[in-house]
Amino acid sequence: MGTNLIHFDWAMKRLLRDKSNYVVLEGFLSTLLEEDIRICKFLESESNQTDALDKFNRADILVENTNGELLIIEVQNNRELDYFHRMLYGVSKTISEYIGLGDAYSKIRKVYSINIVYFDLGQGKDYVYHGKTFFRGLHNPEDILHLSVQQRELFVGKEAGDLFPEYYVLRVNEFDQIANTPLDEWIQFLKTGQIDKNATAKGLPEARERLKVDALSSDEKQAYYRELEAIRYQKSVIETGWIEGKAEGRLEGRAEGRIEGRAEGIAEGRAEGRLEGIAEGKIEERLQIAHKMKGLGLPLDVIVSTTGLDASDIEKL
């Protein structure tokens, strides 16, 4: 190891969109999907449009392979409780956007959603998960619904579920073992930013040469380090809000329990006054956190989900 390499999410935004570097992304996709993937072109996706925020908390790209299939590759650095819903939304939006008005449903293209997450998404023991649709017999679960002979001639696949989107979740932080397979070598790179000198997984030798930080121009290098610092700071703010929110929830629960357990002789007005004071203090604290996050230029939806405040209140800050 030892070579200082660019993080994969930043490379996705800046370098891997260059046709000369397709080989790196093709190597990753081929290793994960266990088939030879060739990128035909990049398509417009959420973070293709660079704005002032630059969506530095995540990166996503949408590519089309030579088979006409669409692949969404997304890197998410920060915790999102509704991330599974976003995966579903992203696939649905892609399907609807890339079928022409009036086209037959058979024109809907196969979509793969590949999600590289750096937080604990769900609960499980593995670090790579694959999800796809199966149509099982209600009375015989072993009976899988297959395509007809005619459908197999028209569409690629054997099972009806082969036509539906497939999802991959790479929980990078859960990888803590020796890289024994090509996919493990890729996961190790995604987690550490380093590529072992003996790694031979498809695309990694090219990544080792083309994703060197030292190869960036002075301006690009400064932008890269600024983004890393912004990600670290944003993660710190959101994690702090997450921890404080859980602590507040526990304190509220205890306070409510104590209030409910008090003798009936305690005046309800006094109890309500104390609770209102506590609530006002918490709102003020959340407003302060929101003000700091807004000052960092974080997206409104992130601030809303972190603080629990209304978007209209945040916009007034």
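The values are calculated or read from the model by the stated rules, or taken from the named source; none is laboratory data. This structure is a prediction, so every number in the text was calculated from the model and none was measured. Quick reminder, even Gly has a Cβ in these numbers, built from the backbone with ideal geometry, and neighbours come from all protein chains shown.
Check residue 191 against each of (1) more than 30 Å from residue 302 (Cβ to Cβ); (2) of a type in the set (Lys, Arg); (3) not in a loop (DSSP other than H, G, I, E, B) and name the one condition it does not meet.
Only one criterion is unmet by residue 191, namely (1).
Just to be sure, is residue 251 under 24 Å from the mean Cα position of the chain (by Cα), surrounded by fewer than 17 Cβ atoms within 10 Å (Cβ to Cβ) and modelled with pLDDT under 90?
In short, no.
Any residue in region 133-150 that's closer than 15 Å to residue 163 by Cβ: show its pairings with residues that are of a type in the set (A, V, I, L, M) at Cβ separation under 7 Å, as long as the two are six or more apart or on different chains.
134/144; 135/144; 135/145; 135/160; 145/160; 146/160; 147/160
Conditions tested, residue by residue: (1) among the hydroxyl-bearing types (Ser, Thr, Tyr); (2) under 23 Å from residue 33 (Cα atoms); (3) at pLDDT 95 or above.
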position	(1), (2), (3)
77	no, yes, no
82	no, no, no
94	yes, yes, no
112	yes, yes, yes
119	no, yes, no
130	no, yes, yes
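For residues that are in a helix (DSSP H, G or I) and exposed (fewer than 14 other Cβ atoms within 10 Å of the Cβ), scanning just region 198-214, find the one that is modelled with the lowest pLDDT.
If we take residues in region 198-214 being in a helix (DSSP H, G or I) and exposed (fewer than 14 other Cβ atoms within 10 Å of the Cβ), then 214 is modelled with the lowest pLDDT.
How many residues are under 30 Å from residue 36 (Cα atoms) and hydroxyl-bearing (Ser, Thr, Tyr) when one looks only at region 191-225?
2
Tell me, which strands (runs of 3 or more DSSP E) wholly within region 56-151 include 2 or more residues that are hydrophobic (A, V, I, L, M, F, W, C)?
Correct list: 58-65, 70-76, 111-117.
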